[in-house]
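Report on the structure given below.
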Amino acid sequence: MLVRRSLAVTASTAALLGATAVGVRTLLSRQAAVARRRIGKPLGEDALDADRVWRRKKHAGVPVDLLLLGDSIAAGLGAGHRRDTLGARLAKGIARDARRPVRLRTAAVVGSETSALAAQLGTLPEDYRADIAVIVVGGNDVTHRIPVSRSAQQLEDAVRALVRQGTPVVVGACPDLGTLRAIPQPLRALAARASRQLAAAQTVAARRAGARVVALARAVGPVFAERPHEMFSVDRFHPSALGYRRTADALLPAVLAALAAAPSAAAPSAPGSALPRREHATSTSAHARVERNA
């Protein structure tokens, strides 16, 4: 009799747990659909083209080559003007500090997962060598539930490829998706935990490959959480112009430090200093255009 009761209790418990699991999956699926409807695609799928030579007044000489890789944040989706994209913000910051023009090339693509980094590198001309590369990626890996270990390894491979050719790399670790109020609870809490786990794995992998890492969740997460109406664009998912400014400000010290530590770099803050770089051809006319005092 006791054995029968025990088996009955076990079966009931298993059935309850199974029903609960199904209920949770259903709830999360519904919440994901709600989030997709709330966010939509009011910005489209193409970021503004900010690729050009950025300079401050009276800054002449050979440009520093800045490469942006990754997802929509690296591409600048959500910025209302090309000068407000992440790449342009970083380019202007480098130009201001180094007193040199900066040539921006954005290989980042909206919607990319970490697996796309290899293809983004593959789009670059064979003779192209950046003086500094910045990678921001990971949000889509979280929303698409890509295994953390796989994403981290793909990031490490991309960093190693760049470092091998002599390009310093700065990685902006996955932002905190818990700041996205368009995502309902409890899905938002799960997204926050998943993004933290990915960011931690990215940090280990990127540093192992030779990159400098900026923890964006810690650096800008709090201000995005406290001031979402200012920090996010109209879709409540991608940064606004102010959000990109804050993100660039968080990344810039690591970028300048990486440039200064590069074997060919001169002291970037010295008046009229040059950041010597390898000469290479530029394949598109966009890189010949110049934006002054943006």
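Does the range 118-136 include one or more residues that are in contact (Cβ under 8 Å) with a residue 24 or more places away in the chain, of a type outside the set (A, V, I, L, M) and over 28 Å from A95 (Cα atoms)? Scanning the range 118-136, I find no residue that is in contact (Cβ under 8 Å) with a residue 24 or more places away in the chain, of a type outside the set (A, V, I, L, M) and over 28 Å from A95 (Cα atoms), so the answer is no.
Sub-7 Å Cβ pairs linking a first residue in the range 214-225 that is touching a residue at least 60 places away in the same chain (Cβ under 8 Å) to a second residue that is surrounded by fewer than 23 Cβ atoms within 10 Å (Cβ to Cβ) and not acidic (D, E), at least 6 apart or interchain, are L216/A250, ordered by first then second residue.
Only a single criterion out of (1) crowded, with 20+ Cβ neighbours inside 10 Å; (2) of a type in the set (G, A, S); (3) part of a helix (DSSP H, G or I) is not satisfied by S115, namely (1). Among the residues of the range 101-112, those that are outside any loop (DSSP other than H, G, I, E, B) and either open to solvent by less than 30 Å² (accessible area, probe 1.4 Å) or basic (K, R) (or both) comprise V102, R103, L104, R105. For the range 186-203, indicate whether the set of residues that are open to solvent by 70 Å² or more (accessible area, probe 1.4 Å), more than 17 Å from A250 (Cα to Cα), in contact with a strand residue (DSSP E or B) (Cβ under 9 Å, 6 or more places away or on another chain) and among the charged types (D, E, K, R) is non-empty. Scanning the range 186-203, I find no residue that is open to solvent by 70 Å² or more (accessible area, probe 1.4 Å), more than 17 Å from A250 (Cα to Cα), in contact with a strand residue (DSSP E or B) (Cβ under 9 Å, 6 or more places away or on another chain) and among the charged types (D, E, K, R), so the answer is no. If only residues of the range 129-180 that are in a helix (DSSP H, G or I) and closer than 20 Å to D235 by Cβ are counted, the one that is most open to solvent (accessible area, probe 1.4 Å) is T143. Of everything listed in (1) part of a helix (DSSP H, G or I); (2) of a type in the set (D, E, K, R); (3) closer than 25 Å to D235 by Cβ, the single unmet condition for R207 is (3). Of everything in the range 60-100, what is within 12 Å of the chain's Cα centre (by Cα) and part of a helix (DSSP H, G or I)? Give them in sequence order. Correct list: S72, I73, A74, A75, L86, G87.
If you go through the range 222-245 and pick out every residue that is surrounded by fewer than 20 Cβ atoms within 10 Å (Cβ to Cβ) and part of a helix (DSSP H, G or I), you end up with 10.
The values are calculated or read from the model by the stated rules, or taken from the named source; none is laboratory data. Model, not experiment: these values are computed from the prediction. Cβ: placed from backbone, ideal geometry, glycine included. Neighbour counts: every protein chain shown. When the accessible area is computed, the model is the full protein with side chains, heavy atoms only, and any ligands, DNA or RNA have been set aside. Shrake-Rupley method; radii C 1.70, N 1.55, O 1.52, S 1.80 Å.
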